[in-house]
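Contents: one structure, followed by commentary.
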Amino acid sequence: MTKQDKRLEDFKDVSLSISLCIGKKFLTLNKILKLKEGDLIEFDKKLEDYLDVYLNGQKFGIGELVIVNDKYSLRLVDLV
């Protein structure tokens with residue numbers, strides 16, 4: 001085991017947050033105040049477009065949303 005491997009060993013059980021970004025949209029405060037349940041907010045991305053993947057808030061890669069056993073899953077396409 002290398003010295004670097006030994007240093008990494010201490011951190012292997014640290015939990016990290018993974019999140020996906022389907023898009024960003026800017027709305028005026030006026031539009032936000034008028035929102036009500038059932039309103040739709042449309043984004044520019046299409047359903048089949050790749051999603052940005054973030055690890056602890058930092059861009060980590062891109063992936064595609066897939067369904068496995070009736071649950072949303074992420075297939076990693078590229079790591080940054």
> Hey, if you put +1 on the Cβ of every Lys and Arg and -1 on every Asp and Glu Cβ in the chain, which of L79, C21, M1 ends up farthest toward the positive end of that dipole?
Replying inline: C21
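Can you put V14, V80 in order of Cβ neighbours within 10 angstrom, beginning with the fewest?
In increasing order of surrounding Cβ atoms, one gets V14, V80.
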> Counting each DSSP H run of 4 or more residues in the chain as -39500 (n - 2.57), what helix-only mean residue ellipticity at 222 nm follows after dividing by all residues, to the nearest 500 deg cm²/dmol?
Replying inline: -3500 deg cm²/dmol
> Between the stretch 12-37 and the stretch 48-65, how many Å separate their Cα centres?
Replying inline: 14 Å
> Taking the chain as a Gaussian network, Cα atoms linked when under 10 Å apart, which of D70, D49, D13 shows the biggest mean-square fluctuation?
Replying inline: D13
> So which lysines pass the test for K34, namely a Cα distance under 28 Å, with those fewer than 8 places away in the same chain ruled out?
Replying inline: K24, K25, K45, K46
> log10 I(q)/I(0), Debye, Cα-only the stretch 13-79, no solvent, q = 0.14, 0.19, 0.27 Å⁻¹?
Replying inline: -0.59, -0.90, -1.16
> Based on the mean of other beta carbon atoms within 10 Å per residue, what is the order of 4-10, 32-38, most packed first?
Replying inline: 4-10, 32-38
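Since every read-out is calculated from the coordinates, none of them should be taken as a lab result. Source: prediction; values computed, not measured. Note: ideal-geometry Cβ built from the backbone for every residue, glycine included; neighbour counts use all protein chains shown.
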